[in-house]
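Peer 1: Pasting in a structure now, in structure tokens, and then I'll have a few things to ask.
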Amino acid sequence: MLIEPKEVEITAPSGEVKKFVISKFNAIAGREIVSQYPISGLPKLGDYSTNEAIMLKMLAFVSVQAGEVVLPLTTRELVNNHVPDWETLAKLEWELMEYNCSFFGNGKVSGFLDELTAKLPESILSILTTLLERSSLPVKQPSES
């Protein structure tokens, strides 16, 4: 069952416009997807097989019209049959995350990232100051006998 379905059009690199119906995630799947998808995709930190499994869970919230039938993209085969290439898939994944995560919508992600990068130097400076203070504590000198 689709939750608040929304039709999106994605232009493939070939120029073909593909139509998809995306949905809001349900609560449990949404929590799993949002907590694991971004981190599992990070180079050198992530885990591709986890990222791929989460991507397939995400795509169960996407449907395509195939004649009179509406097909949710619930298997690898359905994804490969209805999404023409990896670039279109990446755009579809972005659309899903943007639709399901309020902080990604309406250009807010750049504001979120700007705020994060503005706070990072403060955090790093605070950590370095604390470490410097700890390493500079006076040490009791051994007594001379």
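Peer 1: Quick one: would you say GLU68 is of a type in the set (D, E, K, R) and surrounded by 13 or more Cβ atoms within 10 Å (Cβ to Cβ)? Steps first, please.
Peer 2: On the way: of a type in the set (D, E, K, R): yes; surrounded by 13 or more Cβ atoms within 10 Å (Cβ to Cβ): no.
No.
Peer 1: Out of the residues in the stretch 26-42 that are within 13 Å of the chain's Cα centre (by Cα) and not in a helix (DSSP H, G or I), which is surrounded by the fewest Cβ atoms within 10 Å (Cβ to Cβ)?
Peer 2: Residue satisfying both the conditions and the ranking: LEU42.
Peer 1: Also: Report yes if some residue within the stretch 69-79 is assigned to a helix (DSSP H, G or I), under 22 Å from GLU4 (Cα atoms) and within 12 Å of the chain's Cα centre (by Cα); otherwise report no.
Peer 2: No, the stretch 69-79 contains no residue that is assigned to a helix (DSSP H, G or I), under 22 Å from GLU4 (Cα atoms) and within 12 Å of the chain's Cα centre (by Cα).
Peer 1: Same structure, new question: Being basic (Lys, Arg) and either within 17 Å of TRP94 (Cα to Cα) or at pLDDT 85 or above (or both) is the filter here, so list the residues in the stretch 1-47 that pass it. Walk me through it before giving the result.
Peer 2: Within the stretch 1-47, the first condition is being basic (Lys, Arg), and the residues that meet it are 6, 18-19, 24, 31, 44.
Those that are basic (Lys, Arg) and either within 17 Å of TRP94 (Cα to Cα) or at pLDDT 85 or above (or both): LYS6, LYS18, LYS19, LYS24, ARG31.
Peer 1: Taking the condition under 23 Å from ILE22 (Cβ atoms), part of a helix (DSSP H, G or I) and either modelled with pLDDT of 90 or more or outside the structural domain of ILE22 (by TED's automatic domain parsing) (or both), does THR50 pass? Working first, answer last.
Peer 2: Working: under 23 Å from ILE22 (Cβ atoms): yes; part of a helix (DSSP H, G or I): yes; either modelled with pLDDT of 90 or more or outside the structural domain of ILE22 (by TED's automatic domain parsing) (or both): no.
Considered against the rule, which asks whether it is under 23 Å from ILE22 (Cβ atoms), part of a helix (DSSP H, G or I) and either modelled with pLDDT of 90 or more or outside the structural domain of ILE22 (by TED's automatic domain parsing) (or both), THR50 comes out as no.
The values are calculated or read from the model by the stated rules, or taken from the named source; none is laboratory data. Just so it is clear, the structure is predicted and the values come from calculations on it, not from any experiment. In this analysis, Cβ positions are derived from the backbone assuming ideal geometry, glycine residues included, and neighbour counts consider all displayed protein chains.
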